[in-house]
Ligand SMILES: NC(=O)c1ccc[n+]([C@@H]2O[C@H](COP(=O)([O-])OP(=O)(O)OC[C@H]3O[C@@H](n4cnc5c(N)ncnc54)[C@H](OP(=O)(O)O)[C@@H]3O)[C@@H](O)[C@H]2O)c1
């Protein structure tokens, strides 16, 4: 089968297109013929490498995917060959030992075939194209866990969503609107801010001076929740723009991972800092229901073929995307 293989970390030339054996399956596993895979920022980390973290190289990247069941192990009950499916990007529960992510801890979706546990198979929502079906799981699950499970979002609350054009930002904006919350997005360009408003953000701000703007918009009260995965570049502004008792929820540090802040803000304002990674299998099923019903919808930035995997990665790394970069097979 054709697959993207990363044998060593580095630039786009480390994304090797190879012919390798179709993976064998054990009795509790399912093999899927992948129709579309979607990239996440995690693909960039896996390609480049992350200091202090060892990825199991060689690895096939790609956390998200959708396709057709090709073969089913004897003990993988309830799944039939030919079933159209979406793959759970996470394997297990993120709070338990042994949790894994496709394309990070084991081979992922940028290949013609993938073998996954039976529990990873979800029914593909009929209303979605293959590209759309591949484009929602990781980011919508992450944003759901951040806003609903961790930050306990409430109707009418003001939510600041950084990088509103990112995969996680777009998902968070839709989820916040679905809960009747009010969204203030941030993004680096006029075009991304315009698109954030079209998606339901009441305000879309540049990063420069956003904390002061948020205090103005909220009548000096401050935001109820900040969704921050940018890290050092936004963190102190995020803390400053929160109301007393506000919650900051983070799932990442795109601009870096070390932050200096004044701890007095944390205790004087009785803030909550919440970390969040991926989400539970139960959350994924809940999100699937909303996606299938059309209440939540992935936004696709661009579609590439497997041969164009380096161009797909370059687009993500160049920070020009609004929504998901998808690879079709
Ligand atoms: N822990 C988890 O479970 C989990 C799950 C999903 C994602 N994440 C993390 O969350 C972050 C977002 O993921 P994603 O897949 O949504 O990302 P994405 O679609 O690639 O979007 C990232 C966005 O971040 C903004 N950004 C701000 N500072 C940046 C910088 N210094 N370099 C590059 N981009 C910068 C850019 O938007 P502007 O140009 O508008 O600033 C960019 O478009 C990543 O760090 C990712 O690793 C974590």
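What the table shows:
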{"item": "Region 310-327 - residue that is within 11 Å of the ligand (Cβ to nearest atom) and within 25 Å of residue 125 (Cβ to Cβ) and, of those, surrounded by the most Cβ atoms within 10 Å (Cβ to Cβ)", "result": "324"}
{"item": "Restricting region 191-204 to residues that are outside any loop (DSSP other than H, G, I, E, B) and away from the ligand (no atom under 11 Å from the Cβ), the residue that is surrounded by the most Cβ atoms within 10 Å (Cβ to Cβ)", "result": "199"}
{"item": "Matching entry among 290, 257, 265 (being outside the structural domain of residue 119 (by TED's automatic domain parsing), modelled with pLDDT under 95 and either outside any strand (DSSP E or B) or within 30 Å of residue 121 (Cα to Cα) (or both))", "result": "257"}
{"item": "Residue among 78, 52, 90 that is over 22 Å from residue 303 (Cα atoms), modelled with pLDDT under 95 and in contact with a helix residue (DSSP H, G or I) (Cβ under 8 Å, 6 or more places away or on another chain)", "result": "78"}
{"item": "Selected residue (criterion: nearest to residue 208 (Cα to Cα)) from residues of region 241-273 that are within 12 Å of the ligand (Cβ to nearest atom) and surrounded by 18 or more Cβ atoms within 10 Å (Cβ to Cβ)", "result": "254"}
{"item": "Residues that are closer than 22 Å to residue 140 by Cβ, in contact with a helix residue (DSSP H, G or I) (Cβ under 7 Å, 6 or more places away or on another chain) and within 12 Å of the ligand (Cβ to nearest atom), drawn from region 209-240", "result": "227, 228, 229"}
{"item": "Of all residues making up region 14-33, the number that are surrounded by 13 or more Cβ atoms within 10 Å (Cβ to Cβ) and not in a strand (DSSP E or B)", "result": "6"}
{"item": "Search result, residues across region 274-329 that are in contact with a strand residue (DSSP E or B) (Cβ under 7 Å, 6 or more places away or on another chain) and on the phi > 0 side of the Ramachandran plot", "result": "278, 323"}
{"item": "Residue within region 111-128 that is surrounded by 24 or more Cβ atoms within 10 Å (Cβ to Cβ) and within 16 Å of the ligand (Cβ to nearest atom) present", "result": "no"}
{"item": "Whichever residue in region 36-66 is more than 19 Å from the chain's Cα centre (by Cα) and part of a strand (DSSP E or B) and, among such residues, is surrounded by the most Cβ atoms within 10 Å (Cβ to Cβ)", "result": "59"}
{"item": "Residue 276 being modelled with pLDDT of 95 or more, buried (at least 17 other Cβ atoms within 10 Å of the Cβ) and within 16 Å of the ligand (Cβ to nearest atom)", "result": "yes"}
{"item": "Selection count, region 161-186, where residues are touching a strand residue (DSSP E or B) at 6+ places or on another chain (Cβ under 6 Å), closer than 18 Å to residue 235 by Cα and within 10 Å of the ligand (Cβ to nearest atom)", "result": "6"}
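Yes/no matrix, rows are residues, columns are (1) over 18 Å from residue 152 (Cβ atoms); (2) surrounded by 17 or more Cβ atoms within 10 Å (Cβ to Cβ):
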{"position": "231", "(1), (2)": "yes, yes"}
{"position": "283", "(1), (2)": "no, yes"}
{"position": "291", "(1), (2)": "yes, yes"}
{"position": "308", "(1), (2)": "yes, no"}
{"position": "329", "(1), (2)": "yes, yes"}
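The values are calculated or read from the model by the stated rules, or taken from the named source; none is laboratory data. Here the structure is a predicted model, which means the values were calculated and not measured. Methodologically, a virtual Cβ is constructed for each residue, glycine included, from the backbone with ideal geometry; neighbour enumeration extends over all protein chains shown.
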